[in-house]
Amino acid sequence: MASSIDVSWDLDGITMEGTVVRPDGDGPFPAVVLVAGSGPTDRDWCSPLLPGTNGSGRLFAEDFARSGIASLRYDKRASGPHAMENFPKFIGKMSMRSHLEELVAAVQMLAGLDFVDPSRIVGLGNSEGALHVLHYATSEQDVRFAGLVLAAPPGRPIQDVLLSQLALQSAQIPGAAALMSKVEEAAARYAAGEPMDPDPDLPDSVRMVLASFETPANLPFARELWVESTCDPLGKVQIPTLVLIGGRDVQIDVHADGGPLQLAAAGMANVSFSFPPNANHVFKEDFRTPAEVAASPGNGYNAPDTRLDPESLATILAWLEETVGFTVAPA
């Protein structure tokens, strides 16, 4: 049994909103704060840019509650139902720092609930969200994390991850090699601090992705993100950390990202790795080929018939119990 509670709080004049899911009983319970991935991804890990509402954030929260673990998932100020009204207040202010401030405020909200044990809060970040929980864990905070789950963390600079994603998506298009050459030219200009100025012959979908890194509301955050990976902050983490990369992930790669992360964590007894073979980028169970995923609208991540990857969920729960010391109720 579990119950959901909608919560809100103010951060710099903008109301942030989230959902707490608590197990049945009095507590105090261990808890997880869930941090969504990039773009307008909301608290459930759904996006207006992608079809489907069966988001992994909500599914994780529900499964955690069934296991005796409370959770908070929240809408970033540039996501959720109030994103459009928040944008004018946020232009030119979005940054790595602003994302960290959102997470700090969310953790304080979670830690202040009377049924939550503030000494047993774990940060779980997906994709870009992994960067934010790492920044939290490697900075001085009033409420310290008891551990981290980095779900699909980029082990390469985001520029490299983006280019590999676009190469996969364009592989089925005639003239893909020439197309990627034009994309790489635009990326090189951006890396040099210049406008991307993408070639007008590029497909609209590709131009839209590139343009998102230059949207005024995304700056200076987009330029910070362009060169960042989780390798550097991972090497500074001193608390138990689980790194998960799915074998079916077409955005973060077991080898291209997992390899550098394993090197960054070499000799760190507090960091462990798991590569569940059938998990995709949002840790749904997925048996499709990379080409089939790339050809699906929104990669099919949040289709109604999708479910969390059982091995990934079991790995996280076992790690929380055995490494972090959470009491995990049997399913």
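Select from region 214-244 the residues that are more than 18 Å from the chain's Cα centre (by Cα) and small (G, A, S) and write down the one among them that is modelled with the highest pLDDT.
Here the answer is G235.
So, in region 65-78, how many residues would count as being out of contact with any strand residue (DSSP E or B) (no Cβ under 6 Å at 6 or more places or on another chain) and assigned to a helix (DSSP H, G or I)? Explain how you work it out, then say what you get.
Just the residues of region 65-78 that are out of contact with any strand residue (DSSP E or B) (no Cβ under 6 Å at 6 or more places or on another chain), to begin with: 66-67, 76, 78.
Right, trim to assigned to a helix (DSSP H, G or I) and you get 66.
The qualifying residues number 1.
Of the residues I121, I69, I91, which is modelled with pLDDT under 95 and either of a type outside the set (F, W, Y) or open to solvent by 20 Å² or more (accessible area, probe 1.4 Å) (or both)? Before you say what the answer is, go through the steps one by one.
Values: I121 fails: modelled with pLDDT under 95; I69 fails: modelled with pLDDT under 95.
Every option except I91 fails the conditions.
Here is a yes/no grid of residues against (1) modelled with pLDDT under 95; (2) of a type in the set (A, V, I, L, M):
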| residue | (1), (2) |
| --- | --- |
| E128 | no, no |
| L131 | no, yes |
| D142 | no, no |
| P153 | no, no |
| R156 | no, no |
| G175 | yes, no |
| S181 | yes, no |
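Determine which member of the set A2, A36, A31 is under 26 Å from F326 (Cβ atoms) and in contact with a Pro (Cβ under 8 Å, 6 or more places away or on another chain).
Numbers: A36 fails: in contact with a Pro (Cβ under 8 Å, 6 or more places away or on another chain); A31 fails: in contact with a Pro (Cβ under 8 Å, 6 or more places away or on another chain).
Sole residue among the options that is under 26 Å from F326 (Cβ atoms) and in contact with a Pro (Cβ under 8 Å, 6 or more places away or on another chain): A2.
Identify all residues within region 169-189 that are closer than 21 Å to I252 by Cβ and either crowded, with 16+ Cβ neighbours inside 10 Å or of a type in the set (F, W, Y) (or both); write none if there are none.
Once the filter is applied, which keeps residues that are closer than 21 Å to I252 by Cβ and either crowded, with 16+ Cβ neighbours inside 10 Å or of a type in the set (F, W, Y) (or both), region 169-189 yields Q169, S170, M180, V183, A187.
Give region 245-301 a look and list any residue that's among the β-branched types (V, I, T) and within 17 Å of the chain's Cα centre (by Cα), or say none. Show your work before the answer.
Of region 245-301, the ones among the β-branched types (V, I, T) are 245, 250, 252, 254, 271, 282, 289, 293.
Hits for region 245-301 are I245, V250, I252, V254, V282.
Can you tell which of A329, A256, A269 is without any contact (Cβ under 8 Å) to a residue 40 or more places away in the chain, assigned to a loop (DSSP other than H, G, I, E, B), surrounded by fewer than 21 Cβ atoms within 10 Å (Cβ to Cβ) and of a type in the set (A, V, I, L, M)? Write out each step before concluding.
Details: A329 fails: without any contact (Cβ under 8 Å) to a residue 40 or more places away in the chain; A256 fails: without any contact (Cβ under 8 Å) to a residue 40 or more places away in the chain.
Every option except A269 fails the conditions.
Against the conditions (1) crowded, with 24+ Cβ neighbours inside 10 Å; (2) over 21 Å from P154 (Cβ atoms); (3) hydroxyl-bearing (S, T, Y), where does T15 fall short? Just the number, please.
Going through the list (1) crowded, with 24+ Cβ neighbours inside 10 Å; (2) over 21 Å from P154 (Cβ atoms); (3) hydroxyl-bearing (S, T, Y), T15 breaks only (1).
For region 224-240, state whether one or more residues are touching an Asp or Glu at 6+ places or on another chain (Cβ under 7 Å) and either farther than 28 Å from G300 by Cβ or open to solvent by 60 Å² or more (accessible area, probe 1.4 Å) (or both).
no
Given G27, G112, G52, which one is within 30 Å of E214 (Cα to Cα), open to solvent by 20 Å² or more (accessible area, probe 1.4 Å) and more than 15 Å from the chain's Cα centre (by Cα)? Break it down into steps so the answer makes sense when it comes.
Values: G27 fails: within 30 Å of E214 (Cα to Cα); G112 fails: within 30 Å of E214 (Cα to Cα).
Within the list G27, G112, G52, the selection yields G52.
Within region 55-66, can you find the residues that are crowded, with 24+ Cβ neighbours inside 10 Å and under 16 Å from H281 (Cβ atoms)? Write out each step before concluding.
Start the filter on region 55-66 by keeping residues that are crowded, with 24+ Cβ neighbours inside 10 Å, which leaves 55-57, 60-61, 64.
The answer is G55, S56, G57, F60.
Please determine whether any residue of region 272-285 is surrounded by 13 or more Cβ atoms within 10 Å (Cβ to Cβ), basic (K, R) and assigned to a loop (DSSP other than H, G, I, E, B).
No.
Kindly check whether there is at least one residue in region 133-143 that is open to solvent by 10 Å² or more (accessible area, probe 1.4 Å), closer than 27 Å to S3 by Cα and β-branched (V, I, T).
yes
The values are calculated or read from the model by the stated rules, or taken from the named source; none is laboratory data. Remember, it's a predicted structure, so these values are computed and weren't measured experimentally. All Cβ positions, glycine included, derive from the backbone under ideal geometry; neighbour counts span all protein chains shown. Side chains included, ligands, DNA and RNA excluded: accessible areas come from the protein's heavy atoms. Shrake-Rupley method; radii C 1.70, N 1.55, O 1.52, S 1.80 Å.
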